[in-house]
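Participant: Take a look at this one; I'll ask things after.
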Amino acid sequence: MAKRTLYNKIWDTHSVAVLPTGQTQLFIGLHLVHEVTSPQAFDMLRERGLKVAYPDRTFATMDHIVPTKSQKRPFTDDQAELMMQAIERNTKDFGVNFFDFATGRQGVVHIIGPELGLTQPGMTIACGDSHTATHGAFGSLAFGIGTSQVRDVLATQCLCMDPMKVRRIEVNGRLKPGVTPKDVSLFLINRLGVKGGIGFAYEYAGDVFNDMTMEGRMTVCNMAIEGGARVGYCNPDQTTFDYLKGKEHAPKAGDWEKAIASWKAVASDADAEYDEVIRFDAHDIEPMVTWGVTPGQSVAVNDILPDPEDILDKGEKETVLLAYKHMKLKPKQHTTSIQIDVAFIGSCTNGRISDLRAAAAVVKGHKVSPHVQAFVVPGSMMVRKAAMEEGLDKIFEEAGFEWRGAGCSMCLAMNPDQLKGDQISASSSNRNFIGRQGSPTGRTLLMSPAMVAAAAVAGHVVDVRTFTQGA
Amino acid sequence: MSKITTLQGRAVPVVGDDIDTDRIIPARYLKEITFTRMGDYPFYDERFSHDGSKKDHPFNRTEYQGASILLSNVNFGCGSSREHAPQSLVRWGIRAVIAESFAEIFAGNCVMLGTPALVASKDDVARLQEIATERPGAIFTVDLTAMEVRVENFVAPVTMPASRRNALLEGTWDSTALLLANSLLVKAKAQVLPHPSGRMV
């Protein structure tokens with residue numbers, strides 16, 4: 001049967017039944033769990049006398065609340081310690097796989113799923129976290145859920161779902177030198193809007209995604225939700241298979257060929273029918289910087305900030321005015337005139353080894369600007385170890401960056417890594433919402449890890465392509 | 001589980017596009033391991049200064065205390081999947097949210113709590129917000145059978161996905177029982193689908 005998208009195929013194979021409400025009961029192949037959105041769900045199971053239905057498909061770790069400076073227990077923050085004890089107790093009581101510090105596999109949930117080979121093409125994957133679409137990079141149907149839905153997946157391995165529409169986003173041609181997957185992501189959100197993807201799964205396709213590494217694809221799929229799309233995915237190909245081969249949980253020798261055949265079959269058919277197709281030219285994409293309070297409020301690094309007078313839509317204009325007020329920036333200002341106080345490299349968007357390599361290549365031989373606090377938070381213990389084996393930690397430390405333990409850190413700041421007052425950060429994370437980085441008046445500029453590294457050294461936003469010391 | 005067909009109450013307007021979940025509930029309140037106190041926190045940083053003094057926010061104004069219908073604009077609830085966001089609104093007293101559009105995860109979370117998230121046209125939302133601003137005592141009726149919101153002599157049609165509406169009308173919005181009923185089918189499905197251990201079937 002041709003003419004089907006990957007989305008349609010995975011939806012069909014995972015449909016269990018049509019419920020009386022008209023919703024589909026969808027089987028979840030892999031359930032990822034973290035400490036923040038799960039304790040209430042486990043408590044609901046206890047209240048109802050339910051068990052975890054498929055503990056062998058359920059994997060937990062802790063990432064959001066863990067401190068990154070010292071990870072010694074007990075944590076100094078009592079609330080964080082209590083939350084840690086809750087996930088330890090819950091995973092033990094319910095027999096759930098748990099990647100804690102002792103396993104050497106702890107890390108941001110969307111980093112460890114792929115690096116352990118748990119994330120595989122053709123799966124449905126759910127997690128109580130909106131950035132679950134990251135796993136779509138492998139050709140899986142992955143999406144964030146709330147805590148009551150975490151309860152449903154724990155208790156039944158299923159969710160009540162309605163199908164989405166599928167929008168194919170093709171980016172063709174070749175990216176210019178210095179333009180990274182993060183820039184592609186910010187560009188698409190800028191063009192399609194932060195609500196443009198509501199109701200859609202995004203299929204990322206075309207030359208740019210065909211040529212992109214798995215880690216790059218993860219960065220773009222990760223931020224699908226910032227464009228309103230709960231699901232984003234790339235079709236699996238040789239790049240996907242090469243990445244997975246040999247990973248701890250990936251299919252082994254006897255199963256590998258069988259797995260490849262099924263993964264190839266799950267890709268969208270050449271003549272698949274889409275609800276929408278949108279095409280962009282790779283040549284139009286420049287290194288991007290957000291200047292506002294939504295991930296869509298961004299400009300190319302060499303552009304000036306927009307003039308609110310040019311915006312016709314009343315609601316959009318008000319959001320832009322709110323952004324200027326919060327960010328303390330001025331219309332038509334050059335991005336390179338924005339001084340920064342903090343530089344943060346990490347998160348589920350850009351905390352992988354290739355991100356750290358890209359940032360290290362920029363800072364090597366330079367020093368962080370004296371007025372900037374700069375730190376690197378590897379996405380997982382395994383990323384951290386790999387980076388140290390390559391000596392990246394030394395490059396960062398010699399430049400004046402702090403080298404931290406794995407966690408979500410300042411991406412959402414529910415740990416000690418927080419902005420103070422109205423500090424402004426250059427951040428490789430995914431959200432620039434008001435208050436996102438821990439201070440109600442804190443300000444965030446989103447950009448690629450290489451751009452954050454360059455800004456850390458220059459002390460202000462700078463085009464990484466023209467970056468030189470003191471620029 | 002209760003069937004939700006009609007709700008009545010006063011409405012509180014929170015005007016703006018792209019009001020995200022970090023604004024609805026700052027991440028530091030997610031450090032609590034129960035939802036019990038979430039009702040203290042909605043829009044916290046917009047309602048309270050650093051020193052704890054009250055700022056001017058609809059959720060702080062006397063006239064909106066006890067309101068049960070929230071009126072907002074485009075892409076309400078965007079960002080995080082944190083159920084803490086609708087939990088904080090519901091525990092504050094909100095029973096229905098009406099907006100021009102919703103972020104998908106947020107809207108789904110609302111329904112899981114038995115709270116309709118209803119979409120109305122831009123002009124109708126503006127009119128509803130105007131009424132709630134000018135006459136905070138006005139009583140709004142949210143009617144899921146007729147799929148409309150009525151206030152004074154104004155009627156606004158509203159929409160939501162049919163399946164979610166059914167779940168509210170039939171009282172099956174807490175979905176665990178529905179899903180458990182098919183556990184044999186689920187078991188059969190689990191046996192024919194790939195496993196995260198890498199085991200192929």
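Participant: Would you check if there is a residue in segment A:449-470 being in a loop (DSSP other than H, G, I, E, B), without any contact (Cβ under 8 Å) to a residue 12 or more places away in the chain and either of a type in the set (A, V, I, L, M, F, W, C) or under 21 Å from A:P370 (Cβ atoms) (or both)?
Facilitator: yes
Participant: Given the conditions (1) crowded, with 22+ Cβ neighbours inside 10 Å; (2) touching a Pro at 6+ places or on another chain (Cβ under 9 Å); (3) of a type in the set (V, I, T), report the number of the one that A:I169 does not fulfil.
Facilitator: (2)
Participant: A further question on this structure: Check B:S68, B:S101 and return the single one that is within 14 Å of chain A (Cβ to nearest Cβ) and either surrounded by fewer than 23 Cβ atoms within 10 Å (Cβ to Cβ) or on the phi < 0 side of the Ramachandran plot (or both).
Facilitator: So the residue among B:S68, B:S101 that is within 14 Å of chain A (Cβ to nearest Cβ) and either surrounded by fewer than 23 Cβ atoms within 10 Å (Cβ to Cβ) or on the phi < 0 side of the Ramachandran plot (or both) is B:S101.
Participant: Only one of (1) more than 30 Å from B:D17 (Cβ to Cβ); (2) touching a residue at least 12 places away in the same chain (Cβ under 8 Å); (3) surrounded by fewer than 15 Cβ atoms within 10 Å (Cβ to Cβ) fails for A:R279. Which number is that?
Facilitator: (1)
Participant: Shifting gears a bit: What are the residues in segment A:140-153 that are touching a residue at least 12 places away in the same chain (Cβ under 8 Å), touching a helix residue (DSSP H, G or I) at 6+ places or on another chain (Cβ under 6 Å) and either more than 9 Å from chain B (Cβ to nearest Cβ) or among the acidic types (D, E) (or both), if any? Please lay out each step first, then the result.
Facilitator: Taking segment A:140-153 as the starting set, the residues that turn out to be touching a residue at least 12 places away in the same chain (Cβ under 8 Å) are A:140-151, A:153.
Filter once more, keeping what is touching a helix residue (DSSP H, G or I) at 6+ places or on another chain (Cβ under 6 Å): A:141-144, A:146-148, A:150-151.
The answer is A:L141, A:A142.
Participant: Would you please list the contacts, defined by Cβ atoms under 6 Å and residues six or more apart or on different chains, that run from a residue in segment A:255-276 that is farther than 30 Å from A:I198 by Cβ to a residue that is not in a helix (DSSP H, G or I)?
Facilitator: The qualifying pairs are A:D255/B:M200; A:K258/B:M200; A:A259/A:P251; A:A259/B:M200.
Participant: Continuing with this model, one more query. Condition check: hydroxyl-bearing (S, T, Y), closer than 24 Å to B:P86 by Cβ and either touching a Phe, Trp or Tyr at 6+ places or on another chain (Cβ under 8 Å) or assigned by TED's automatic domain parsing to the domain that holds A:D237 (or both). Does A:S148 satisfy that?
Facilitator: Taking the combined requirement at face value, the residue satisfies it.
Participant: Would you check which residues across segment A:281-339 are in a helix (DSSP H, G or I) and on the phi > 0 side of the Ramachandran plot and list them?
Facilitator: Answer for segment A:281-339, where residues must be in a helix (DSSP H, G or I) and on the phi > 0 side of the Ramachandran plot: there is none.
Participant: Let me ask something additional. For segment A:6-25, indicate whether the set of residues that are touching a residue at least 24 places away in the same chain (Cβ under 8 Å) and closer than 27 Å to B:L30 by Cβ is non-empty.
Facilitator: No.
Participant: Whether any residue in segment A:79-87 is of a type outside the set (D, E) and either more than 13 Å from every other protein chain (Cβ to nearest Cβ) or within 23 Å of B:L184 (Cα to Cα) (or both) is what I want to check.
Facilitator: For segment A:79-87, residues of a type outside the set (D, E) and either more than 13 Å from every other protein chain (Cβ to nearest Cβ) or within 23 Å of B:L184 (Cα to Cα) (or both): absent.
Participant: At least 1 residues that are in the same structural domain as A:S185 (by TED's automatic domain parsing) and more than 18 Å from the chain's Cα centre (by Cα) in each: list the helices (runs of 4 or more DSSP H) lying fully within segment A:204-250 that qualify.
Facilitator: It comes to A:207-211, A:238-244.
Participant: Determine whether A:A41 is in contact (Cβ under 8 Å) with a residue 40 or more places away in the chain, within 11 Å of another protein chain (Cβ to nearest Cβ) and surrounded by fewer than 21 Cβ atoms within 10 Å (Cβ to Cβ).
Facilitator: Against the criterion (in contact (Cβ under 8 Å) with a residue 40 or more places away in the chain, within 11 Å of another protein chain (Cβ to nearest Cβ) and surrounded by fewer than 21 Cβ atoms within 10 Å (Cβ to Cβ)), A:A41 does not qualify.
Participant: Quick one: which helices (runs of 4 or more DSSP H) sit completely within segment B:51-161 and have at least 1 residues that are hydroxyl-bearing (S, T, Y) and under 19 Å from B:Y29 (Cα atoms)?
Facilitator: B:84-92
Participant: Further, regarding this structure: Output the number of residues of segment B:162-201 satisfying the condition of being assigned to a helix (DSSP H, G or I), within 7 Å of another protein chain (Cβ to nearest Cβ) and surrounded by 16 or more Cβ atoms within 10 Å (Cβ to Cβ).
Facilitator: Selection size over segment B:162-201: 10.
Participant: Okay, moving on. Take A:M214 and tell me if it is away from chain B (no Cβ under 14 Å), touching a helix residue (DSSP H, G or I) at 6+ places or on another chain (Cβ under 6 Å) and surrounded by fewer than 24 Cβ atoms within 10 Å (Cβ to Cβ).
Facilitator: It is true that A:M214 is away from chain B (no Cβ under 14 Å), touching a helix residue (DSSP H, G or I) at 6+ places or on another chain (Cβ under 6 Å) and surrounded by fewer than 24 Cβ atoms within 10 Å (Cβ to Cβ).
Condition check ((1) more than 20 Å from A:N432 (Cα to Cα); (2) among the acidic types (D, E); (3) within 17 Å of the chain's Cα centre (by Cα)) across all residues:
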site	(1), (2), (3)
B:A11	yes, no, yes
B:D20	no, yes, yes
B:R23	no, no, yes
B:F35	yes, no, yes
B:G39	yes, no, yes
B:I69	yes, no, yes
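Participant: Looking only at segment B:1-37, how many residues end up being among the small types (G, A, S), surrounded by fewer than 20 Cβ atoms within 10 Å (Cβ to Cβ) and over 14 Å from B:L89 (Cβ atoms)?
Facilitator: Final tally of qualifying residues: 2.
Participant: Ok, one more. Within segment A:95-115, identify whether any single residue is assigned by TED's automatic domain parsing to the domain that holds A:E203, over 20 Å from A:G407 (Cα atoms) and in a loop (DSSP other than H, G, I, E, B), and answer yes or no.
Facilitator: yes
The values are calculated or read from the model by the stated rules, or taken from the named source; none is laboratory data. From a predicted model like this one, the values you see are computed outputs, not experimental measurements. A quick note on method: Cβ atoms are made from the backbone with ideal geometry, for glycine too, and the neighbour counts reach across all protein chains shown.
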